[in-house]
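Contents: one structure, followed by commentary.
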Amino acid sequence: MTDRFDCYYCRDNLHGKKYVKKEEKHVCTKCFNKLCANTCAECKRPVGADSKELHHKNRYWHEDCFRCAKCYKPLASESFNARDDGKIMCGKCGSREDGNRCQGCYKVVMPGSQNVEYKNKLWHEECFTCFECKQPIRTQSFLAKGDDIYCAPCHDKKFAKKCFHCKQAITSGGISYQDQPWHSECFVCHTCRKTLAGARFTSHEDKVYCVDCFKTDVAKKCHGCKNPITGFGHGTNVVNYEGYSWHEYCFNCKKCCLTLANKRFVINGDHVFCPDCAKKV
């Protein structure tokens, strides 16, 4: 006589029938589906004995229900991401959902894609653009102004000081004269065009001159020694009288050579005399 082989729940004989072994218990498919089957996390229906079951961290799915929550791609034989909110996603959608977002377009920067990282922020390479001209920076140098990024030419055009002479941006170096910025190569003698950066110079009627050109072309001539009155060195102090000019050291009595600066004097012809010598002449 054959021993009975019954369903644990309904006691139906299982000889020759399909059954499921559940926790050391033999269960017919009907009772399994009704009493033992796990509930699919996606469709909420039992994962029956005739269905292929997939599970991950105490959650269960029908094989056909185990799909990406975003693109619905079947994931039974694919890698996947399990999110904290319970969603299952394929690797691509998971990266898009959880990855770093571009500061330009706010879309996810996919792993392995061309990107730019600056101050712990991320951009697609094509989104890292100049705030002014809107062109991608790529391998160019750039400068930041607040939260805005500028390529070097646009930054210079917008923010750099402009040369007082040529009105173009001063990107490096330069000099300042009368509170105005100049390119070194633009700050030149009005006459000979020699650069004056680091050299002695003087100005006349808003024009600048090197010492030699000022002496030759601009400076008044001393009525005494006939040399230029430049205002440099020993010739700093000048005496002017009725359209004539003298170096202070040249403004002396023609006869006794007494200096007459800040003293009474008499002019006779082209010569200057002290009052005493003037009486004798």
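Scanning the range 58-86 for residues that are at pLDDT below 85 and not hydroxyl-bearing (S, T, Y) turns up N81, A82, R83, D84, D85, G86. Might you check whether a residue that is assigned to a helix (DSSP H, G or I), farther than 30 Å from D206 by Cβ and either in contact (Cβ under 8 Å) with a residue 12 or more places away in the chain or of a type in the set (F, W, Y) (or both) occurs anywhere in the range 156-171? No, the range 156-171 contains no residue that is assigned to a helix (DSSP H, G or I), farther than 30 Å from D206 by Cβ and either in contact (Cβ under 8 Å) with a residue 12 or more places away in the chain or of a type in the set (F, W, Y) (or both). Being under 26 Å from V116 (Cα atoms) and within 31 Å of the chain's Cα centre (by Cα) is a property that A169 lacks.
Just one of the listed residues (L143, L122) is part of a strand (DSSP E or B) and open to solvent by 40 Å² or more (accessible area, probe 1.4 Å), and it is L143. Scanning the range 57-82 for residues that are loosely packed, with under 13 Cβ neighbours inside 10 Å and not small (G, A, S), we see that the one that is nearest to the chain's Cα centre (by Cα) is C71.
Look at (1) part of a strand (DSSP E or B); (2) touching a Phe, Trp or Tyr at 6+ places or on another chain (Cβ under 9 Å) and you find that W246 fails only one, number (2). Restricting C40, C102, C10 to those that are modelled with pLDDT of 90 or more, open to solvent by less than 40 Å² (accessible area, probe 1.4 Å) and in contact with a strand residue (DSSP E or B) (Cβ under 8 Å, 6 or more places away or on another chain) reduces the list to C40.
For the range 209-225, a tally of residues being closer than 13 Å to E248 by Cα and either of a type in the set (D, E, K, R) or open to solvent by less than 20 Å² (accessible area, probe 1.4 Å) (or both) returns 2. Might you let me know whether the range 193-208 holds any residue that is surrounded by 12 or more Cβ atoms within 10 Å (Cβ to Cβ) and either at pLDDT 90 or above or touching a Lys or Arg at 6+ places or on another chain (Cβ under 8 Å) (or both)? Within the range 193-208, none of the residues are surrounded by 12 or more Cβ atoms within 10 Å (Cβ to Cβ) and either at pLDDT 90 or above or touching a Lys or Arg at 6+ places or on another chain (Cβ under 8 Å) (or both). Taken over the range 133-180, the criterion of being farther than 30 Å from L196 by Cα, touching an Asp or Glu at 6+ places or on another chain (Cβ under 7 Å) and not aromatic (F, W, Y) is satisfied by P136, R138. Of all residues in the range 255-281, those satisfying the criterion of being in a loop (DSSP other than H, G, I, E, B) and either surrounded by fewer than 15 Cβ atoms within 10 Å (Cβ to Cβ) or among the aliphatic types (A, V, I, L, M) (or both) are C256, C257, L258, L260, A261, N262, K263, R264, G269, D270, V281. Checking each residue in the range 1-40 for being in a loop (DSSP other than H, G, I, E, B), hydrophobic (A, V, I, L, M, F, W, C) and in contact with a helix residue (DSSP H, G or I) (Cβ under 7 Å, 6 or more places away or on another chain) picks out C7, C10.
The values are calculated or read from the model by the stated rules, or taken from the named source; none is laboratory data. Only a predicted model underlies this, so the values are computations on that prediction, with no experimental measurement involved. Note that each Cβ is placed from the backbone with ideal geometry, even for glycine, and that neighbours are counted across all protein chains shown. For the accessible areas, the whole protein counts, side chains as well, though only heavy atoms, and no ligand, DNA or RNA atoms are used. Shrake-Rupley method; radii C 1.70, N 1.55, O 1.52, S 1.80 Å.
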